[in-house]
Amino acid sequence: MAFWPKIRKPKAQQRVCNPDASPYAVFDRVGLSAGSTPILEDLTLQLAEHRIGIIGLNGSGKSSFVRLLNGLRAPTSGNLTLFGVPSDEAELELPRHVGFVFQNPDHQAIFPTVEEEIAFGLTQLGTGKEESRRRARAFLALHGCEGLAGKPITELSGGQKQLICILAVLVMEPRLLVLDEPMSSLDALTTARIRQKILSLPQKIVLVSHDFGQFDGFDRLLWLEDGRLRMDGTPDAVRAAFQEDVLSRQGMDVEVTEL
Amino acid sequence: MLPKHSRRAAGRKACQDDRKEAGDDWLSAENWAIPPTDDDFHPSRDLFGPRVSGRPVVLEKKVEFIMADRSLVHVAFYAALIAALGLVPPVALAFLGGVPITAQTLGVMLAGVMLGPIRGALAVLLFLFLVALGLPFLSGGRGGLGVFMGPSVGFLIGWPVGALVAGWIMRSTRELNILLAAAISAAVGGILVVYAIGIPGVAIMAGLSLPKAALGSAVFIPGDLLKVALTAIIVQTVARGLPSAVLSRS
Amino acid sequence: MMSVYLQGNSWAHRLPAGLKLLAVALASLLLLQYTSFWVLVPALAAVLSCYASLGRDGLAQLKLLRAMSYLLAALLVLHWLSGSLLEGVTIILRLAIMILAANFVSVTTRMDDMLTAVQPLFKPLEIFGFSPRTAALSVALVLRFAPYMLVVFAQLREAWQARTGTRNSWRLLAPFAIQSLSMSDHVAEALKARGGSQGLSR
């Protein structure tokens, strides 16, 4: 195990991503395993649509799938091309183009106050400290949150926290926004507001959710099961098939290990 | 699985039955192992754990970068833990002569034993840095540069060295039972080393002879022994529930 | 943000942080050479008048001395026992002056300014790959974690109380450690998702 701090300058082998590439992600027989346990297997698909939803039962590989898009995980087999560049070569550039919003805002916010949290994204991109602060305040005002700027993150409500986490990612102006079950702990009204915010964005969206209601206005829905793509189609078609499948399984004795 | 927050026993009797029945059980390490509810993904296992890979060169670079970030977060985490423990009000136990015991040095011992020598010492240094910057994180709500001019500054200097030694012992006794290893590390690093630096500090700052300074400091040793025991139990529980967190041994 | 810093715009607030730090370090070194009352009493008066110049709120900052009074009293008793009471009084007086002087810098300097003033001290560490940016980031992380830990502990205590009827137990410490540790893993992941501790502009 390496001592901290151990930092080696990255080699200049990086190929420059093309942010406008369409499709932005090309999966070619992509697989992912942890040790000998397969998590994702044999995925071949292309992502280009404006808004893509992902659904699946617990343990189906949804979270790992979306983490591939941001470079948080690297495929262990097959080829993954993101923004026109093989994923392992794009890795260092990916956080700039792909924003990632996690399920629990308490796990995502890095800084004690809202303003610092937003400004961090800008300093990450090389903006100076004071300039970042100023632009962070302006950005908050633009989204109607100027009142929150100086507040400690721990004192915000759940919905405010999640909104700040989304803004903290948006301020980096990504081309793609990945959201991993962002509404799972929010009430109906807050969910609706955040959904509205998401739908108003010019960014491409990939949203993981258990709730079909959140896929209204989406162009495409992927259904993952046991690490494989079970179905790929319009939200309506996938919803019908998914619900039928869940109903047909309810009668069976379900092993606890499948839950 | 997490305990059900909603389950509230009806009366005192029921409470006691409940404790007998479930109280011991739900606290056991197995129950606190992080359940794989978050889909199939768990960062410490999947992102940072050892991986088998067909493309070692790429992954080597990746793991190294993640390590730096993760270490940074861990160092900050333990610094915050020491700070949070400083907010626990001191307890005075009668059988220890009524000397107030603060929880803060528990954090110092944990940092060394859990993080290993370098990161453990860095965590304590980071904590002291924050105190020096003016945050009232020392037990009793003290902070600022003033505390580094006080008679107990030797103990503050001793903390990072103690964490370093504790982490080093923990790392070099990997074969030993974890409870025993943690107790020895915490006792040697968190008491022996800290007092070895702290007592001369008191002597110099307060113009006392060494034996007098030692006498004045010795009243805190029983409380520190209690913290050694706590450290050992916590480390053992964490080793069962979240083994990847015991970085000194991984 | 919680801190011993006292909001204000006095002469002491306007002095550069580096200058204040340097002055206190030099004064403390000088003071260590003397044990005479003729030096210590004026020095104490000088420090006290510094606090007084900040007004009523400034004098209230002397509460730091109260927090340390037990310790200082215990030291005095030890001196008394060894028959060096007079020496004890001068030494404790000197300690009190040094503590108050150093604390005065903390009271009149914003944390940001202090961080900026000491950042050159991290320069030598750069050969190990440690950037001042890392220092600032870790400070922010600590300030983020500390309150969150209290929240985690409160939740655990509630769960414990709901099932056992008692409030506190040391047995909560281990689950607390596990819960908050897993949180720190998630934060590490979130940090990486936004470009890691090194930033994206390299």
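Does any residue in the stretch A:165-184 that is at pLDDT 90 or above come within less than 6 Å, Cβ to Cβ, of a residue that is assigned to a helix (DSSP H, G or I) and of a type in the set (Asp, Glu) six or more places away or on a different chain, and which pairs are these?
A:168/A:117
Sort through C:133, C:171 and tell me the only one that's in a helix (DSSP H, G or I), at the interface with another protein chain (Cβ under 9 Å from one of its Cβ atoms) and more than 27 Å from residue B:237 (Cα to Cα).
It is C:133.
Being more than 7 Å from every other protein chain (Cβ to nearest Cβ) and among the polar types (S, T, N, Q) is the filter here; which residues of the stretch A:105-121 pass it?
Once the filter is applied, which keeps residues that are more than 7 Å from every other protein chain (Cβ to nearest Cβ) and among the polar types (S, T, N, Q), the stretch A:105-121 yields only A:113.
Across the stretch A:202-216, which residue is nearest to the chain's Cα centre (by Cα) among those that are at pLDDT 90 or above and over 30 Å from residue A:33 (Cβ atoms)?
The qualifying residue nearest to the chain's Cα centre (by Cα) is A:203.
Can you tell me which of (1) touching a Leu at 6+ places or on another chain (Cβ under 6 Å); (2) over 27 Å from residue C:183 (Cα atoms) is the one residue A:137 doesn't meet?
(1)
Quick check on the stretch A:62-86: of everything there that is on the phi > 0 side of the Ramachandran plot and touching a Phe, Trp or Tyr at 6+ places or on another chain (Cβ under 9 Å), which residue is nearest to the other protein chains (Cβ to nearest Cβ)? So that I can check it myself, show each step before the final result.
Step one: filter the stretch A:62-86 for residues on the phi > 0 side of the Ramachandran plot, giving A:71, A:78, A:83-84.
The next check asks that each one be touching a Phe, Trp or Tyr at 6+ places or on another chain (Cβ under 9 Å); those that pass are A:78, A:83-84.
Working: A:78: 10, A:83: 14, A:84: 18 Å.
That would be A:78.
Just for the stretch A:124-143: of the residues that are assigned to a loop (DSSP other than H, G, I, E, B) and closer than 27 Å to residue A:24 by Cβ, which one is nearest to the other protein chains (Cβ to nearest Cβ)?
Among residues in the stretch A:124-143 that are assigned to a loop (DSSP other than H, G, I, E, B) and closer than 27 Å to residue A:24 by Cβ, the one nearest to the other protein chains (Cβ to nearest Cβ) is A:126.
In this structure, does residue B:162 turn out to be within 30 Å of residue C:110 (Cβ to Cβ) and either small (Gly, Ala, Ser) or crowded, with 21+ Cβ neighbours inside 10 Å (or both)? It would help to see each step written out before you state the result.
On the way: within 30 Å of residue C:110 (Cβ to Cβ): no; either small (Gly, Ala, Ser) or crowded, with 21+ Cβ neighbours inside 10 Å (or both): yes.
When the stated conditions are applied, residue B:162 does not pass them.
Residue B:215 is checked against (1) more than 18 Å from residue B:100 (Cβ to Cβ); (2) out of contact with any Gly (no Cβ under 7 Å at 6 or more places or on another chain) and fails just one. What number does that condition carry?
If we test residue B:215 against (1) more than 18 Å from residue B:100 (Cβ to Cβ); (2) out of contact with any Gly (no Cβ under 7 Å at 6 or more places or on another chain), just (1) comes out false.
For residue B:108, work out the one condition from (1) over 19 Å from the mean Cα position of the chain (by Cα); (2) closer than 20 Å to residue B:225 by Cβ it doesn't fulfil.
Tallying (1) over 19 Å from the mean Cα position of the chain (by Cα); (2) closer than 20 Å to residue B:225 by Cβ, residue B:108 fails exactly one: (1).
Determine if the stretch A:102-123 includes at least one residue that is part of a strand (DSSP E or B) and over 20 Å from residue C:186 (Cα atoms).
Looking for residues that are part of a strand (DSSP E or B) and over 20 Å from residue C:186 (Cα atoms), one finds none in the stretch A:102-123, hence no.
What's the total number of residues in the stretch A:134-149 that are at pLDDT 90 or above, of a type outside the set (A, V, I, L, M) and more than 17 Å from residue A:162 (Cβ to Cβ)?
3
Here are some conditions: (1) surrounded by fewer than 21 Cβ atoms within 10 Å (Cβ to Cβ); (2) within 7 Å of another protein chain (Cβ to nearest Cβ); (3) within 25 Å of the chain's Cα centre (by Cα). Residue C:113 meets all but one. Which one does it not meet?
For residue C:113, the exception is condition (2).
Would you check if there is a residue in the stretch B:188-211 being surrounded by fewer than 23 Cβ atoms within 10 Å (Cβ to Cβ), free of Cβ contacts under 8 Å to residues at least 60 places away in the same chain, facing chain C (nearest Cβ under 10 Å) and under 19 Å from residue B:90 (Cβ atoms)?
no
Out of the residues in the stretch C:6-25 that are part of a helix (DSSP H, G or I) and more than 20 Å from the chain's Cα centre (by Cα), state the one that is nearest to the other protein chains (Cβ to nearest Cβ).
Here the residue is C:14.
Give me the helices (runs of 4 or more DSSP H) completely within the stretch C:28-125, filtered to those with at least 3 residues that are closer than 22 Å to residue B:211 by Cα and at pLDDT below 90, ordered by residue number.
Hits in the stretch C:28-125: C:63-81, C:85-108.
What single numbered condition from (1) under 27 Å from residue C:64 (Cα atoms); (2) out of contact with any Pro (no Cβ under 7 Å at 6 or more places or on another chain); (3) surrounded by 23 or more Cβ atoms within 10 Å (Cβ to Cβ) fails to hold for residue B:124?
It fails just one condition, (2).
Among the numbered criteria (1) within 12 Å of chain C (Cβ to nearest Cβ); (2) at pLDDT below 90, which one does residue A:89 miss?
Going through (1) within 12 Å of chain C (Cβ to nearest Cβ); (2) at pLDDT below 90 one by one, residue A:89 breaks only (1).
Give the stretch A:207-227 a look and list any residue that's out of contact with any helix residue (DSSP H, G or I) (no Cβ under 6 Å at 6 or more places or on another chain) and assigned to a strand (DSSP E or B), or say none.
Once the filter is applied, which keeps residues that are out of contact with any helix residue (DSSP H, G or I) (no Cβ under 6 Å at 6 or more places or on another chain) and assigned to a strand (DSSP E or B), the stretch A:207-227 yields A:207, A:220, A:222, A:225.
Sort through B:242, B:145, B:215, B:176 and tell me the only one that's over 23 Å from residue C:170 (Cα atoms) and either small (Gly, Ala, Ser) or crowded, with 21+ Cβ neighbours inside 10 Å (or both).
Selected residue: B:145, the only one of B:242, B:145, B:215, B:176 that is over 23 Å from residue C:170 (Cα atoms) and either small (Gly, Ala, Ser) or crowded, with 21+ Cβ neighbours inside 10 Å (or both).
Out of C:96, C:67, C:46, which single residue is closer than 17 Å to residue B:146 by Cβ and loosely packed, with under 14 Cβ neighbours inside 10 Å?
Selected residue: C:46, the only one of C:96, C:67, C:46 that is closer than 17 Å to residue B:146 by Cβ and loosely packed, with under 14 Cβ neighbours inside 10 Å.
Take the residues in the stretch C:187-202 that are modelled with pLDDT under 80 and over 30 Å from the mean Cα position of the chain (by Cα), then tell me which one is surrounded by the fewest Cβ atoms within 10 Å (Cβ to Cβ).
Within the stretch C:187-202, the match that is surrounded by the fewest Cβ atoms within 10 Å (Cβ to Cβ) is C:202.
Tell me which helices (runs of 4 or more DSSP H) are completely within the stretch B:187-250 and hold 2 or more residues being under 26 Å from residue C:185 (Cα atoms) and at pLDDT 90 or above, or say none if there are none.
Those helices (runs of 4 or more DSSP H) span B:221-241.
The values are calculated or read from the model by the stated rules, or taken from the named source; none is laboratory data. Note that this is a predicted model, so its numbers are computed, not measured. Cβ atoms come from the backbone with ideal geometry, glycine included; neighbour counts cover every protein chain shown.
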